[in-house]
Amino acid sequence: MATRRISCLLSRTFSSSIFPRGRNSVFSRGTYNYSTAVSLEEPINPNVDIKFTRLFINGQFVDAASGKTFPTLDPRTGDVIANVAEGDAEDINRAVSAARKAFDEGPWPRMTAYERSKILLRFADLLEKHNDEIAALETWDNGKPYEQSAKVEIPMLTRLFRYYAGWADKIHGLTAPADGPYHVQTLHEPIGVAGQIIPWNFPLLMFAWKVGPALACGNTIVLKTAEQTPLSALYVSSLFHEAGLPAGVLNVVSGFGPTAGAALASHMKVDKLAFTGSTETGKAVLQLAAKSNLKPVTLELGGKSPFIICEDADVDKAVEMAHFALFFNQGQCCCAGSRTFVHERIYDEFVEKAKARAAKRIVGDPFKNGVEQGPQVDCDQFKKILNYIRSGIESGATLETGGERLGNKGYYIQPTVFSDVKDDMLIAKDEIFGPVQSILKFKDLNEVIQRANDTRYGLAAGIFTQNLDTANTLTRVLRAGSVWINCFDVFDAAIPFGGYKMSGHGREKGIYSLSNYLQVKAVITALKNPTWL
Ligand code: ADP
């Protein structure tokens, strides 16, 4: 392993200009309940070889055309894990040419849907076989707890590919009536070359949400990984190759947003774009798509999701669920329950217990068993979060616990809880994307409905109540793509995910994702002998 360290200089002055761009998505279920303390010692050796660092284009691992590489860093230390080929516009061109040829001339869209489904199933079997190795790569590159990668995320990835393998041979059109002597049918056809740009917070899950449905529908793909986390997608590309995916069907380019990402979004030969990332970058890629060939775009963007705890809630359960809703994945979830609204009657008790729970959270080397929280993904995120914490303090919120860096290397942050948070504070408005819980007090349902919806985002919402009528009412009036009642972050292959308002366009997962990757062709045939009808 290389030992070069990239320095991370903490900004000491608070500046709103470094307030940032948001982040992305997630899933999971269940909570961890550990009680032993973990200290930050020497990093544990992940015990996994880095086998793939080059771009995957046309079924082969190749260097970037420029020969350039960039370092991918260990969030535990800032040390270099590996140098990875840095794709740019020329590599995107090569990848799009390969995907174009595979779509226009290759076997993938032409083979039977059953054959396609068998390849996806073989890939899922290989994921299962290499589960732990893939999980180690994911944790090393991203910093998330290994137990989360190995027991939740990679198995979920396998599940998603099996789910979409099941869809491959069940995609078909309809017949439709017409006011005239016509036979009308619809054909559901693959859309062509799909461009996909993914973030770093769930590198392989975001890969699966996009690649699974695109392949099931018979498309070919050029996918750009996030610059912070290139390793796991390259590894699984090799498994696709082993599973028998024809060359050129899936191309994976590592590289940066303004170069490789922008080239993909604006490419004239890409037929569709799917993006997950910040709302700012989402706007940029939408413009690039519009200014180039008007390719359709699906966007999964930021959030500032309310988690509403009503007066009849079981406080202990609500504290645990609200804690999970915010702190899961180091708080790096686009759908994090990042505005914890608590009814005034239980507010004081809730704050005391939320503070105690956060103070008990086990932060440490993500490869250590029992660790609940690893480091933030990189120095930029780390600085951004600490600046938001400073903003919370300066704007008058009460810092109940945390608020500081943990240790003296890597990007660890103490689990942080603010109470007395007001709607107009930045920590209540912006996506922090870190382990910072903001607790707000409310008096009645009308008030909390208005405040919960008073945001530019609309990705998710949580409700904690035992009253069916309250749950039903809130569910209907909250403007969000997912509503979790007495639970949070429950994800499954068949459950759609996506946002209202500036949280995005379209839905991923489930049956809804298929329409992102299909064209509908209406076929109208004149009937020769209409009098027989
Ligand atoms: P974050 O702030 O979480 O890094 P971004 O939205 O910037 O979120 O990044 C998500 C993905 O978008 C990454 O793969 C990144 O490289 C890519 N990206 C960033 N800027 C651009 C851009 N101008 N055009 C296309 N893709 C971009």
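The values are calculated or read from the model by the stated rules, or taken from the named source; none is laboratory data. What you are looking at is a predicted structure, and each value in this text was computed from that prediction instead of being measured. FYI the Cβ positions are ideal-geometry reconstructions off the backbone, even for glycines, and counts take in every protein chain you see. Each accessible area value is taken on the protein alone, full model and side chains, heavy atoms only, with ligands, DNA and RNA left out. Shrake-Rupley method; radii C 1.70, N 1.55, O 1.52, S 1.80 Å.
Brief remarks on what is shown
- Taking each residue of the stretch 432-455 that is part of a loop (DSSP other than H, G, I, E, B) and looking for partners that are open to solvent by 50 Å² or more (accessible area, probe 1.4 Å) and not hydrophobic (A, V, I, L, M, F, W, C) with beta-carbon atoms closer than 7 Å, six or more apart or interchain, yields 443/344; 454/423.
- Complete set of residues in the stretch 28-79 that are on the phi > 0 side of the Ramachandran plot, modelled with pLDDT of 95 or more and open to solvent by less than 50 Å² (accessible area, probe 1.4 Å): 59, 78
- Odd one out for residue 327, checked against (1) within 15 Å of the ligand (Cβ to nearest atom); (2) open to solvent by less than 10 Å² (accessible area, probe 1.4 Å); (3) under 30 Å from residue 79 (Cα atoms); (4) of a type outside the set (Lys, Arg): (1)
- Residue identified as farther than 30 Å from residue 382 by Cα, more than 16 Å from the ligand (Cβ to nearest atom) and more than 17 Å from the chain's Cα centre (by Cα) among 147, 128: 128
- Checking each residue in the stretch 442-477 for being of a type in the set (A, V, I, L, M) and in contact with a helix residue (DSSP H, G or I) (Cβ under 6 Å, 6 or more places away or on another chain) picks out 449, 463, 477.
- Scan the stretch 185-221 for residues that are more than 16 Å from the ligand (Cβ to nearest atom) and either over 20 Å from residue 114 (Cβ atoms) or crowded, with 24+ Cβ neighbours inside 10 Å (or both) and the total you get is 13.
- Per the listing 283, 269, the residue uniquely among the basic types (Lys, Arg), more than 24 Å from residue 126 (Cβ to Cβ), open to solvent by 10 Å² or more (accessible area, probe 1.4 Å) and outside any helix (DSSP H, G or I) is 269.
- Among the numbered conditions (1) in contact with a strand residue (DSSP E or B) (Cβ under 8 Å, 6 or more places away or on another chain); (2) surrounded by fewer than 21 Cβ atoms within 10 Å (Cβ to Cβ); (3) not small (Gly, Ala, Ser), the only one that residue 126 does not meet is (1).
- Cβ-Cβ under 8 Å pairs, at least 6 apart or on other chains, the stretch 104-116 side assigned to a loop (DSSP other than H, G, I, E, B), far side polar (S, T, N, Q): 106/220; 108/220; 109/219; 109/220
- Boolean, residue 196 is touching a Leu at 6+ places or on another chain (Cβ under 6 Å), in the same structural domain as residue 296 (by TED's automatic domain parsing) and either closer than 21 Å to residue 257 by Cα or not in a strand (DSSP E or B) (or both): yes
- Tally, over the stretch 140-150, of residues that are touching a helix residue (DSSP H, G or I) at 6+ places or on another chain (Cβ under 8 Å) and within 21 Å of residue 490 (Cα to Cα): 6
- Scanning the stretch 252-310 for residues that are closer than 30 Å to residue 344 by Cα and more than 10 Å from the ligand (Cβ to nearest atom) yields 303, 304, 305, 306, 307, 308, 309, 310.
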